[in-house]
1. Can you confirm whether the stretch 256-270 contains a residue that is within 26 Å of residue 117 (Cα to Cα) and either in a strand (DSSP E or B) or touching a residue at least 24 places away in the same chain (Cβ under 8 Å) (or both)?
2. Return the pair list, or none, for Cβ contacts closer than 6 Å from residues in the stretch 319-341 that are over 17 Å from residue 355 (Cβ atoms) and open to solvent by less than 20 Å² (accessible area, probe 1.4 Å) to residues that are assigned to a strand (DSSP E or B) and not basic (Lys, Arg), at least 6 apart or on different chains.
3. Looking only at the stretch 149-163, filter to residues that are open to solvent by 50 Å² or more (accessible area, probe 1.4 Å) and charged (D, E, K, R); which one of those is farthest from residue 204 (Cα to Cα)?
4. Return the only residue of 172, 122 being under 15 Å from the mean Cα position of the chain (by Cα) and open to solvent by 60 Å² or more (accessible area, probe 1.4 Å).
5. Hey, residue 146 hits all of (1) of a type in the set (Val, Ile, Thr); (2) surrounded by 14 or more Cβ atoms within 10 Å (Cβ to Cβ); (3) not in a strand (DSSP E or B) but one; which does it fall short on?
6. Within the stretch 271-317, track down each residue that is of a type in the set (Val, Ile, Thr), surrounded by fewer than 24 Cβ atoms within 10 Å (Cβ to Cβ) and free of Cβ contacts under 8 Å to residues at least 60 places away in the same chain.
7. Which one of 392, 360 is open to solvent by 30 Å² or more (accessible area, probe 1.4 Å) and at pLDDT below 95?
8. For the stretch 42-58, what are the residues that are under 21 Å from residue 83 (Cβ atoms) and out of contact with any Phe, Trp or Tyr (no Cβ under 8 Å at 6 or more places or on another chain)?
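The values are calculated or read from the model by the stated rules, or taken from the named source; none is laboratory data. Please read all numbers here as calculations on a predicted model, not as lab measurements. Using ideal geometry, Cβ is built from the backbone for each residue, glycine included, and neighbour counts are taken over all protein chains shown. Surface accessibility is based on the protein's heavy atoms, side chains included, excluding ligands, DNA and RNA. Shrake-Rupley method; radii C 1.70, N 1.55, O 1.52, S 1.80 Å.
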Amino acid sequence: MMRPSRLLWLGAGLMLLALRSTAAPLTKPTDFDENLPLSQAVTQVNPDRSITFRLIAPDARQVAVVVGALPRTRVAYPMTKDAQGVWHYRLAPQAPNLYEYFFNVDGFRSIDTGSAIPKPQRQVNTSLVLVPGSLLDERKVPHGEVHGLTYSSAALNKERHLYVWLPPGYERGTTPLPVLYVYHGFGDTESSSIVQGRFPQIMDNLLAEGKMQPMVVVFPDTETDSTGAVPENFPRQERRKVFYPLNAAAADQELMQDIIPLIEHRYRVRTDAEGRGIAGISQGGYQALVSGLNHLDRFRWLASFSGVTTVTVPNSGVAQALENPEMINQQLKNFTLVVGSEDDVTGKDINGLKQQLDEKKIRVEFHSYPTLGHEMDVWRPAYSEFVQRVFK
């Protein structure tokens with residue numbers, strides 16, 4: 001006679017076997033028909049500047065393409081599946097620009113697996129598509145070079161990475177060039193200004209038009225991932241209270257101890273304050289403010305594009321500098337603040353700082369972009385205007 005324990009074990013095994021036999025087996029996704037040109041399955045910009053979005057997802061039940069940079073401006077367009085299992089939607093002709101989009105596949109947010117331009121992010125969830133016809137294009141002009149540098153940061157005790165843009169003809173020159181340090185925003189990477197901002201293309205085209213001075217531009221990583229300052233560890237409501245101050249202090253040490261010495265050793269750049277500028281976007285705008293005003297002896301040019309400011313994230317060094325308006329006016333040749341009029345992320349920061357500067361009679365160039373929010377459609381033109389003014 002079988003013991004009760006064995007009966008229980010046998011019963012459990014039979015139940016597990018039954019569950020396994022009834023569960024639907026996982027299968028690999030259906031491949032696109034290799035006998036057809038791949039152009040029938042990938043997103044493309046058409047000659048009339050319309051955009052045909054496509055996604056291979058034969059087994060999906062419902063797919064939409066969601067276009068737009070901000071939650072309030074995004075539009076979801078339902079897509080149609082063809083006989084090959086490719087979902088498609090043709091968007092009406094668009095103005096020249098770089099657009100953000102993603103797919104909603106049965107409730108799952110997906111990048112465009114058929115696109116070569118994912119948006120640079122710490123957690124990638126968006127794709128990019130370029131409609132040509134603007135300053136963002138790669139025109140037939142002399143082109144600069146983008147260098148990627150990996151270096152050892154003594155301040156952070158880790159290996160780090162940054163990008164450097166060199167103007168066309170740099171290798172043939174002998175005169176030291178001014179250098180601009182540009183910090184990216186929260187959740188982005190050191191390649192964001194290169195890929196999404198298209199700052200190299202903007203500068204190539206501006207130089208070809210004689211609208212800016214040759215300069216070296218450095219794109220560090222704003223996120224230090226230092227102890228206690230890893231951005232993914234903080235909910236949104238804790239970032240200003242804890243994360244931004246810790247990260248900004250670490251990034252400032254890295255800039256002064258590691259990055260500036262590295263650039264001045266590796267490249268032919270000026271080492272005087274008048275030949276050095278700093279700028280940043282969003283969180284990077286806070287970094288520019290902190291480093292720029294804590295080291296007024298090191299920079300003459302300072303810009304914050306929709307930046308977090310000390311209105312919501314106090315910094316003792318910045319507060320001390322603001323108590324000496326004459327020194328700021330004497331040291332800074334240009335202090336620029338930019339914001340979109342509908343910015344609900346850092347509008348309070350920038351507008352509040354502008355009011356403080358006005359009250360203290362600190363000179364500032366301020367520009368608000370009508371109808372725009374916290375987005376690249378503010379930061380690209382703002383960057384373009386700033387690089388045309390600096391080092392002159």
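1. no
2. 332/302; 334/301; 340/369
3. 158
4. 122
5. (3)
6. Filtering the stretch 271-317 down to residues of a type in the set (Val, Ile, Thr) leaves 271, 278, 281, 290, 308-313.
Now restrict to residues that are surrounded by fewer than 24 Cβ atoms within 10 Å (Cβ to Cβ): 271, 310-313.
Within the stretch 271-317, 310, 311 qualify.
7. 392
8. 42, 44, 58
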